[in-house]
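Each reported figure results from applying straightforward, stated rules to the coordinates on display, with no laboratory input. Quick caveat: nothing in here was measured; it's all calculated off a predicted structure. FYI the Cβ positions are ideal-geometry reconstructions off the backbone, even for glycines, and counts take in every protein chain you see.
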């Protein structure tokens, strides 16, 4: 399983992929609440699919925003921390 945090046109979607195919997704309504909502939304997505954090092998970020935007920096920081701590 892989997680993709997709930031497009100021909307944030968290997508769950299995074998390269999208399995499920959640959206964060307001990008300004990303720091507060990102990890709980990832947890919600995993639980809804009866998965644990150990099932998510990696987290990636796609963004149409510049790297200097706070939303993109928050998403990339969460992805880097997740990928650093995941047991592979």
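Overview of values
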| item | result |
| --- | --- |
| 0 to 90° range, to nearest 10: angle between helix 70-85 axis and the chain longest Cα axis | 30 degrees |
| Ellipticity estimate at 222 nm from DSSP helix runs (n ≥ 4, -39,500 (n - 2.57)) divided over the chain, nearest 500 | -11500 deg cm²/dmol |
| On Cα atoms only, tilt of 34-48 relative to the major axis of the chain in degrees | 20 degrees |
| Rg followed by Dmax, in Å, when the chain is reduced to its Cα trace | 12.1, 35 |
| Separation in nanometres of the label points that stand 7 Å from Cα toward Cβ, at residue 54 and residue 1 | 1.3 nm |
